[in-house]
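Peer 1: Before anything else, here's the structure in question.
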Amino acid sequence: MSADPSKRISSSAAGELLEPPKEWTEVPLSSVADVRFSGVDKLSRPSEEPVRLCNYVDVYNNDYITPDLEFMRASATSSEIVRFGLKLGDVIVTKDSETPDDIGVPTIVDYTAPDLVCGYHLALIRPNAGEVDPTFLGKQLAHHRHARRFGQLANGLTRYGLPTSAVSDAPIWRPKLLSEQQEIGRILRLVDKAIAKTEAVISKLHLVRTGLIHDLLTRGLDKDGQLRDPVAHPKQFQNSALGYIPCEWKVKDCQRLCREIVVGIVVKPTQYYVEQGVPALRSANIRENGITLTDLVFISPESNEQLRKSMLHTGDVVTVRTGYPGTTCVVPSDLEGANCIDLIISRPNGEIVPKFLAIWVNSPFGKDQVLRVQGGLAQQHFNVGEMKNLLVATPEADEQAAIVDRIESVDSEIAAENIELGKLVVLKSGLMNDLLTGHVRVPTTH
């Protein structure tokens, strides 16, 4: 399962427990587990045995080490394989990082093989059987108490590392009953499983969306709402500057499809900034799935009136010029009258549906043209003239609208799954704070 925002749990502002409840004990990690710092590097040497490395990114990006991960090929000595070979129930934490507030990130080993070895920049932790449950231990180390402590103990200037004692002496809070630890681990694994399942659905929906966009922008929808079939009905298609497209479609440049294409504020935009006023969108606010209102800047109403040329209206299409050039979305009604900085503004005419234009520019058919005019480099400027010349395969407006509806249907499913994922992450955060501190106890059968 890929890492999620709840892998490290942030501190709750109020009611934080400073010591475990009386039914729990606090012990140093080394008293309930064997801690080993690995030095097995990613090189392959003829004198050593070939191995697969569980390396830093495998640990950092995953809550569990599972057989579906692709491990790096390397080599290790026989003694290293014995000492750092993975066993089921091991816990691994990152012992090095570029920042002190992102160190000591744990994972739990659910898969092992004779050639699978813990790589360098990692600490291998092997729990003592019968004393601490591996899942409980891994989740304990993910709690903000340890994240904060590890950050304070990390040494370095440009790269930070944990000394052995920082890990070995980590104070572990644990219920006296192993069965209670196991029940806590079981509950948290159930939430992780639900998160992983939801992430898999989202990933699959994104693949569906990618395939759907390709089909819809090359085959379109016939009068019955079905995808045209170029194999069964080749005469329904024509060759064009954009490849084979339906015969009813026309290839037009954006200049012919828009009343106007202009650029937002580009000359010393900071001179217009005020604390509160009219929102002014920047590149960071533009996403393919819409406009984000985080990190907004504002200009005064007087400046907005003065800069009417770049004032935004509902249905305008805005495109990023620099950074991620070509990223495009449509201005919603609640941003009517806002302004923008260093964005291309395209104002569609009646020949093209704004959302269809945005989908086209964001698709491979649009992005390829954006990259082509930049020599393949994605950090150059995408200019108004290049936007005017960008070619679009254009159906009739009704078909454009039908295509947009199909894509937005999938977008709605993705949005709903993302909401569900957010709820699960919040649930996991709350459970970890409650269960791993003894604030809420779980019933056991022993």
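The values are calculated or read from the model by the stated rules, or taken from the named source; none is laboratory data. Worth saying up front: this structure is predicted, and the values here are computed from it rather than measured. Cβ: placed from backbone, ideal geometry, glycine included. Neighbour counts: every protein chain shown.
Peer 1: Working only within segment 155-200, note down all residues that are modelled with pLDDT under 95, within 26 Å of Tyr56 (Cβ to Cβ) and not in a strand (DSSP E or B).
Peer 2: Leu157, Thr158, Arg159
Peer 1: So which of Glu49, Glu80 ends up being in contact with a helix residue (DSSP H, G or I) (Cβ under 7 Å, 6 or more places away or on another chain), in the same structural domain as Leu157 (by TED's automatic domain parsing) and not β-branched (Val, Ile, Thr)?
Peer 2: One residue alone meets the criteria, Glu49.
Peer 1: Please find, among Glu336, Glu417, Glu413, the residue that is touching a Ser or Thr at 6+ places or on another chain (Cβ under 7 Å) and assigned by TED's automatic domain parsing to the domain that holds Leu216.
Peer 2: Glu417
Let's see how each residue does on (1) among the polar types (S, T, N, Q); (2) closer than 18 Å to Cys254 by Cα:
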residue	(1), (2)
Gln380	yes, no
Ala393	no, yes
Ala402	no, no
Arg406	no, no
Glu417	no, no
Leu421	no, no
Leu427	no, no
Leu436	no, no
His439	no, no
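Peer 1: For the subset of segment 64-79 comprising residues that are under 23 Å from Gln140 (Cβ atoms) and in contact with a strand residue (DSSP E or B) (Cβ under 6 Å, 6 or more places away or on another chain), which member is surrounded by the most Cβ atoms within 10 Å (Cβ to Cβ)?
Peer 2: Ile65
Peer 1: Here's a follow-up. Against the definition (touching a residue at least 60 places away in the same chain (Cβ under 8 Å) and surrounded by 15 or more Cβ atoms within 10 Å (Cβ to Cβ)), how does Leu242 come out, yes or no?
Peer 2: Judged against the criteria, Leu242 is a match.
Peer 1: Here is a further query. Quick one: what pairs do we get from segment 168-197, first residue farther than 26 Å from Thr66 by Cβ, second aromatic (Phe, Trp, Tyr) and outside any helix (DSSP H, G or I), C-beta under 6 Å, 6+ apart or different chains?
Peer 2: Between residues of segment 168-197 that are farther than 26 Å from Thr66 by Cβ and residues that are aromatic (Phe, Trp, Tyr) and outside any helix (DSSP H, G or I), the close pairs are Trp173/Trp24; Pro175/Trp24.
Peer 1: On to the next question. Given Gly119, Gly151, Gly89, which one is on the phi > 0 side of the Ramachandran plot, surrounded by 16 or more Cβ atoms within 10 Å (Cβ to Cβ), touching a residue at least 12 places away in the same chain (Cβ under 8 Å) and in contact with a strand residue (DSSP E or B) (Cβ under 9 Å, 6 or more places away or on another chain)?
Peer 2: Sole residue among the options that is on the phi > 0 side of the Ramachandran plot, surrounded by 16 or more Cβ atoms within 10 Å (Cβ to Cβ), touching a residue at least 12 places away in the same chain (Cβ under 8 Å) and in contact with a strand residue (DSSP E or B) (Cβ under 9 Å, 6 or more places away or on another chain): Gly89.
Peer 1: Now, a different point. I'd like the full set of residues that are over 16 Å from the mean Cα position of the chain (by Cα) and free of Cβ contacts under 8 Å to residues at least 12 places away in the same chain, limited to segment 406-422.
Peer 2: Correct list: Ser409, Ser412, Ala416.
Table: residues versus (1) crowded, with 22+ Cβ neighbours inside 10 Å; (2) assigned to a helix (DSSP H, G or I); (3) in contact (Cβ under 8 Å) with a residue 12 or more places away in the chain.
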{"residue": "Glu305", "(1), (2), (3)": "no, yes, no"}
{"residue": "Thr314", "(1), (2), (3)": "no, no, yes"}
{"residue": "Gly326", "(1), (2), (3)": "yes, no, yes"}
{"residue": "Phe356", "(1), (2), (3)": "yes, yes, yes"}
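Peer 1: Take Asp133 and tell me if it is surrounded by fewer than 23 Cβ atoms within 10 Å (Cβ to Cβ), modelled with pLDDT of 95 or more, in contact with a helix residue (DSSP H, G or I) (Cβ under 9 Å, 6 or more places away or on another chain) and of a type outside the set (Ser, Thr, Tyr).
Peer 2: For Asp133, the condition - surrounded by fewer than 23 Cβ atoms within 10 Å (Cβ to Cβ), modelled with pLDDT of 95 or more, in contact with a helix residue (DSSP H, G or I) (Cβ under 9 Å, 6 or more places away or on another chain) and of a type outside the set (Ser, Thr, Tyr) - is not met.
Peer 1: Kindly indicate which of Ile345, Ile403 is part of a strand (DSSP E or B) and either outside the structural domain of Cys254 (by TED's automatic domain parsing) or closer than 30 Å to Leu221 by Cα (or both).
Peer 2: Ile345
Peer 1: Identify the residue in segment 427-446 that is in a helix (DSSP H, G or I) and free of Cβ contacts under 8 Å to residues at least 60 places away in the same chain and, among all such residues, is nearest to the chain's Cα centre (by Cα).
Peer 2: Gly430
Peer 1: Among the candidates Glu131, Glu183, which residue alone is within 23 Å of Gly438 (Cβ to Cβ) and outside the structural domain of Leu53 (by TED's automatic domain parsing)?
Peer 2: It is Glu183.
Peer 1: Out of Asp405, Asp398, Asp368, Asp411, report the one residue that is surrounded by fewer than 19 Cβ atoms within 10 Å (Cβ to Cβ), more than 30 Å from Ile172 (Cα to Cα) and in contact with a Lys or Arg (Cβ under 8 Å, 6 or more places away or on another chain).
Peer 2: Asp411
Peer 1: Also, quick follow-up: Which of the residues that make up segment 266-303 are in contact with a Lys or Arg (Cβ under 9 Å, 6 or more places away or on another chain) and either small (Gly, Ala, Ser) or outside any loop (DSSP other than H, G, I, E, B) (or both)?
Peer 2: Pro269, Ser283, Val297
Peer 1: Let me ask something else about it. Assuming Phe382 fulfils every condition listed in (1) under 30 Å from Cys247 (Cβ atoms); (2) at pLDDT below 95; (3) aromatic (Phe, Trp, Tyr) apart from one, which condition is it?
Peer 2: For Phe382, the failing item is (1).
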